[in-house]
Structures are given as C-alpha cells and as structure tokens.
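A.B. asks: First the structure, then my questions, so here it is.
Quick note: the coordinates plus some simple rules give every number you see, no bench work behind them. Since we're looking at a predicted model, the values are computed, not measured. Don't worry about glycine lacking a Cβ; one is built from the backbone with ideal geometry, like all the others, and counts go over all protein chains shown.
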Ligand SMILES: C[S@@+](CC[C@H](N)C(=O)[O-])C[C@H]1O[C@@H](n2cnc3c(N)ncnc32)[C@H](O)[C@@H]1O
C-alpha cells in the first residue's frame, strides 16, 4: 500500500496522446502567465516538471531550461518529450531532484524564471517548499506558481478522497475514481447536454495543453495534498521580498490559484525593494 500518488504513470499515459495542439496551448499559457512573448536569453527552472510540457514550452520560447522532478518516471517522460519535440540545439537539462531539498536548490544557481505549477502542494510540506522555491530566483526575476485553492471543509473532504484512492489497491481504485469523476464533471456535462452541445466542455478542455481525463486522474490521485488561500501565499512572499504582479484566481473553486511574483529584494538583504511592475 502506498501513501503517495505515482504521477509518473499518469504523465506517461498523457504523453502517449500528446499532439501539436497541446504544445501550442502550453506555450500560450506559459507566455500568458509570465507576461512575455519570448524567453530568449532567459534562464528557466521548472520545479516538478512532470511530463515536461511546461519546460518544452519554455524551450520553444527560447529559454535555457533546467527541469527536475522527484519521480524518476517523470524525469524519463520529460526526457522523451525533449527527444521528440525539443527545439534542435536547445539548452535543456532534466534530472531527478526534490523541491524539499534546500541544498539541492541552492546548488542550482539563480534563474530569471522559477516555475512550479501544481507541485509544491504535493510535496507533503507546502510552506517549506514555497520558501525553498524562492531561493533560486534572481533579483528582479519571476517566481511563477500554481497552488491549490483552500476551500476549507471541501478541501478536507477531498484530502480524504485522495487518501482513500491511494490506499486502495489499483484494481479497486475505480470505486473512488468514478464517483469523483461524476462529482467533478457531472454538473457540467448535464448543462452541456441541456444546451444542446453534449460533451462540449470536455472536448474543448485544454488550458496549458492538459487533457480532461488525465487531469481528473491527477486530481483524484494527487496525494500528499495541501492547499492555501491566495492571500496567505501573497503575504508569505511579500515578507520574503516578492511582489505580486498577476493572480489568475481559482474563483473560490477547487483548482489552482496561479501567481506571478517578482523578486524585488536585493540579493542577500532579506528586505523588499519596490520595483516597477514590468521590468522583464
Ligand atoms: C500535478 S504534477 C504537475 C507537473 C507539472 N508541473 C505540470 O504542471 O504539468 C505534480 C508533479 O510534482 C512532482 N513532485 C511531487 N513532489 C515533488 C518534490 N518533492 N520534488 C519535486 N517534484 C515533486 C510529481 O512527481 C509530479 O510530477
């Protein structure tokens, strides 16, 4: 019995269905979150790269990329994605590593962009992981994060669902998975049906190049699982010299709040310093 979800299997299955449309949407979403059209001449660190899709998007935008993930299968996924779709001549390294390993993060140097989408709430120690993720951000650089929204009781209930899913032997996980799928997608599917466009939302799902099926597997299985209210994340980083430039809100739902934070503290000072919003 395992207490943690194996993200690697899900990402491997996702990559088997990946096409150019997914990659284009991932690139568009990354550029939108970072507020850039190009990452030419910039360094990009992807913490918990999963399938490697965001790292690929960064490489396609011209960045020099370094990616790591705790799960060796994810490292393999990202390497295979690079081999298949990576831009020729791109500087992109992929390795195993943990977001909770402070010495490892310190050894990686400083980056223009540190990106960690949907990862730090799965480490088992969200606030430690957030503090460590700030370390490799250059002065004036960006920290881009997505963290599950804390919905109070609903979050606690989902934690139980996810724990139950992971404690069950794989052949019995459908007992948790299908009720969760109905809870997550049932209302939308019924609405689409009554509007005369069955499965419309499911078929047109795909922000960040994701797929609805693999996102549900990721959501139900993703454990350890923590969540945070956006204001708590913003004040946590404001105390560390980061200012919020962009918040893509989960609108009170169970999804992720996305943050674009700018490191406004001079290196080594530990103090915030005001900077203009767009200096990238
Ligand atoms: C929901 S997936 C997100 C993957 C990717 N960032 C994306 O947006 O597609 C979460 C990822 O976090 C990774 N992960 C979990 N704990 C980690 C840790 N301590 N250090 C690094 N990666 C971790 C998992 O292996 C998984 O690939």
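A.B. asks: Mind giving me the FRET efficiency for residue 167 and residue 139? R0 is 35 Å, r the Cβ-Cβ distance, nearest 0.05 is fine.
C.D. replies: Efficiency computed from Cβ-Cβ geometry: 0.20.
A.B. asks: Choose one answer from 42, 162, 191: the residue with the largest mean-square fluctuation in a GNM of the chain with alpha-carbon springs under 10 Å.
C.D. replies: 191
A.B. asks: So for the pair residue 193, residue 98, with labels modelled 7 Å out along Cα→Cβ, what separation do we get in nm?
C.D. replies: It is 4.6 nm.
A.B. asks: Working from Cα positions, state the angle (0 to 90°, nearest 10) between the long axis of helix 72-85 and the longest principal axis of the chain.
C.D. replies: The helix 72-85 is inclined about 80 degrees to the chain.
A.B. asks: Still on this model: Quick one: check the C-alpha center-to-center distance for the stretch 80-144 versus the stretch 26-45, whole angstrom.
C.D. replies: Cα centroid to Cα centroid, the span is 14 Å.
A.B. asks: Helix 7-16 against the longest principal axis of the chain: what's the angle in degrees, Cα atoms only, rounded to the nearest 10?
C.D. replies: The answer is roughly 80 degrees.
A.B. asks: Let me ask something else about it. Among 75, 137, 216, which comes first, then next, by fewest other beta-carbon atoms within 10 Å?
C.D. replies: Ascending Cβ contact count within 10 Å gives the list 216, 75, 137.
A.B. asks: Given the chain, report the % of alpha carbon pairs whose separation exceeds 34 Å.
C.D. replies: Across the chain, Cα pairs with separations above 34 Å total 17 percent.
A.B. asks: Taking the number of other C-beta atoms within 10 Å as the exposure measure, put 238, 243, 107 in order starting with the fewest.
C.D. replies: 107, 238, 243
A.B. asks: Taking only DSSP H segments of four or more residues, each worth -39500 (n - 2.57), what value at 222 nm results for the chain once the sum is divided by all its residues, to the nearest 500 deg cm²/dmol?
C.D. replies: The helix-only estimate for the chain comes to -13000 deg cm²/dmol at 222 nm.
A.B. asks: Let me ask another. In a Gaussian network model over the chain where Cα atoms closer than 10 Å are linked, find which of 168, 45, 244 has the largest mean-square fluctuation.
C.D. replies: 168
A.B. asks: Using only Cα atoms and rounding to the nearest 10 degrees, what angle (0 to 90) does helix 212-221 make with the longest principal axis of the chain?
C.D. replies: Once rounded, one gets 80 degrees.
A.B. asks: Quote to one decimal, in nm, the extra length available between residue 246 and residue 84 on full extension: 0.36 nm per residue of separation minus the C-alpha distance between them.
C.D. replies: Result: 55.1 nm gained on full extension.
A.B. asks: OK, next. Neighbour counts of other C-beta atoms within 10 Å: give me 242, 236 arranged from fewest to most.
C.D. replies: Taking fewest neighbouring Cβ atoms as first place, the list is 236, 242.
A.B. asks: What whole number of Å gives the distance from the Cα centroid of the stretch 151-174 to the Cα centroid of the stretch 203-263?
C.D. replies: Spelled out, the Cα-based centre of one part sits 20 Å from the other.
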